[in-house]
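Colleague: First the structure, then my questions, so here it is.
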Amino acid sequence: MSFFKDALSMFKKRDLLFLESYKESEDVYTFLFEKENDLSWIAGQHGLFTITHKKVKNKTRPFTVAAAPAENVVRITMRISENPSDFKKAMLELKQGMKINMTGPIGSFSLKDNSPSLLIAGGIGITPFRSILKQIESEGNGIGKPIHLLYLDSNKSFIFKDELDAIANNTSISVTYLDLRDDLNQEIDLFTTLNKDDGKYFIAGPKSMVKSVSDFLKSKHIPKKNIKKDAFYGY
Ligand SMILES: Cc1cc2nc3c(=O)[nH]c(=O)nc-3n(C[C@H](O)[C@H](O)[C@H](O)COP(=O)(O)OP(=O)(O)OC[C@H]3O[C@@H](n4cnc5c(N)ncnc54)[C@H](O)[C@@H]3O)c2cc1C
């Protein structure tokens, strides 16, 4: 998405009707909202979500839209730990019929061409890749796509695993689940050796993880222009 389109989206605000929420794992929750007909996004983009049903300090947070546009629902999936922020407490209090405000969609974290692509997710950083892979699956053009997802979670708590496995079964997209950083580096090495200068790298997750993977890629002489980052500030 161009800078100007992004800037325009920043002024698009809308209320979204809350439908339901559920637990994905011990500390990860999904929230579903109604998708109005005139709302769309590019798989991998995020929105700015604002609590409106009660007064909270710091009422706005960015979240990836974890649904594919084709799924016809707005999904956000977030980590909520034992002692959450007021924003996340308010999310857990949402009841059917309440609303949340969304600005956007914004961001340019999306697959643009058919280059061999290595998607690298750290924990909750799987959200943009769920959207991207679901969209490819729904368009029915996943056969022949040279895409490999590396999904790192040190607690082996792989949310969306069933959906990702189904995508891997129905397309040529492959998924590798990892819990050790050394194993991730080895997988990255394998991909860089096979794809030399053609490979594109997409990294999403907590800011520190994104930085260290990006530094690792640069140490392997991967050009900066081939590395796309979606750093989740706040973790
Ligand atoms: C483009 C973009 C997309 C994003 N998409 C998502 C998404 O899809 N899902 C998602 O969950 N988040 C996403 N985030 C991050 C999100 O916006 C919040 O910043 C994050 O969830 C933290 O939320 P919180 O401030 O409500 O704090 P909480 O998560 O409730 O944490 C409470 C406090 O504990 C601290 N804390 C929490 N976890 C850690 C940790 N691991 N290490 C150190 N301190 C910690 C925080 O600083 C915070 O002050 C995204 C961010 C960006 C920029």
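What follows is calculated from the coordinates using simple rules that are stated; it is not laboratory data. Just so it is clear, the model here is predicted, and its values are computed rather than measured. So basically every Cβ, Gly included, is an ideal-geometry build from the backbone, and we count neighbours across all protein chains shown.
Colleague: Between the range 59-112 and the range 205-232, how far is it from one alpha carbon centroid to the other, in angstrom?
Modeller: 24 Å
Colleague: Now for a separate question. In terms of the ratio Rg/(2.2 N^0.38 Å) built on C-alpha atoms, what value belongs to the range 100-177?
Modeller: 1.13
Colleague: Starting at the first residue of the range 51-67, write each ³J(HN,Hα) from the Karplus equation 6.51 cos²θ - 1.76 cosθ + 1.60 with θ = phi - 60°, in whole Hz, x for Gly and Pro.
Modeller: So the J values, rounded to whole Hz, are 6, 10, 7, 7, 7, 9, 6, 6, 7, 10, 9, x, 9, 4, 7, 7, 8.
Colleague: Counting only DSSP beta bridges with both residues in the range 117-232, tell me the antiparallel percent, nearest 5.
Modeller: Counting only bridges with both partners in the range 117-232, antiparallel ones make up about 0 percent.
Colleague: Using the beta-carbon distance between Asp189 and Asp165 and R0 = 22 Å, what value does 1/(1 + (r/R0)^6) give for FRET efficiency, to the nearest 0.05?
Modeller: 0.35
Colleague: Using only Cα atoms, find the angle between the long axis of helix 161-170 and the longest principal axis of the chain, and express it within 0 to 90 degrees, rounded to the nearest 10.
Modeller: The answer is roughly 50 degrees.
Colleague: May I pose another question? Hey, what's the Kirkwood Rh for the range 153-194 if you take every pair of different alpha carbons, in angstrom?
Modeller: 11.5 Å is the Kirkwood radius here.
Colleague: Hey, what did the chain get for relative contact order, percent, Cα under 8 Å, at least 6 apart?
Modeller: That works out to 19 percent.
Colleague: Which of the lysines could a cross-linker bridge to Lys224, judged by Cα under 23 Å and excluding same-chain residues fewer than eight apart?
Modeller: Result set, ordered by chain and number: Lys112, Lys145, Lys196, Lys200, Lys207, Lys211.
Colleague: Ile147's amide H: which non-local residues (gap 5+, or another chain) put their own amide H closer than 5 Å, with H modeled 1.01 Å from N in plane and none for Pro or chain starts?
Modeller: Sorted by chain and number, the residues that satisfy this are Ser117, Ser174.
Colleague: For helix 127-139, report the angle its Cα long axis makes with the longest principal axis of the Cα atoms of the chain; keep it between 0 and 90° and round to the nearest 10°.
Modeller: The helix 127-139 is inclined about 80 degrees to the chain.
Colleague: Pop out the Kirkwood hydrodynamic radius of the chain from its pairwise C-alpha distances, inverse of mean 1/r, in Å to one decimal.
Modeller: 18.3 Å
Colleague: If you build a Gaussian network model of the chain, linking Cα atoms that sit under 10 Å apart, which residue out of Asp86, Asp182, Asp215 swings the most?
Modeller: Among Asp86, Asp182, Asp215, the largest GNM mean-square fluctuation belongs to Asp182.
Colleague: Another question, then. Rounded to whole Å and ordered largest first, report the semi-axes of the equivalent ellipsoid of the range 3-106 derived from its Cα gyration tensor (root of 5λ).
Modeller: The answer is 21, 15, 13 Å, longest axis first.
Colleague: Also: So what are the ³J(HN,Hα) numbers for the range 226-233, from phi and the Karplus equation (6.51, -1.76, 1.60; θ = phi - 60°), rounded to whole Hz, Gly and Pro as x?
Modeller: Running phi through 6.51 cos²θ - 1.76 cosθ + 1.60 with θ = phi - 60° gives 8, 10, 10, 10, 10, 8, 7, 5 Hz.
Colleague: Along the range 148-159, what does the Karplus equation 6.51 cos²θ - 1.76 cosθ + 1.60 (θ = phi - 60°) give for ³J(HN,Hα), rounded to whole Hz, x for Gly and Pro?
Modeller: Those phi angles translate into 10, 9, 9, 10, 9, 8, 5, 8, 6, 9, 8, 5 Hz.
Colleague: Moving to a separate point now. For the range 117-232, how big is the tail of P(r) above 26 Å, as a whole percent of Cα pairs?
Modeller: For the range 117-232, the share of Cα pairs beyond 26 Å comes to 13 percent.
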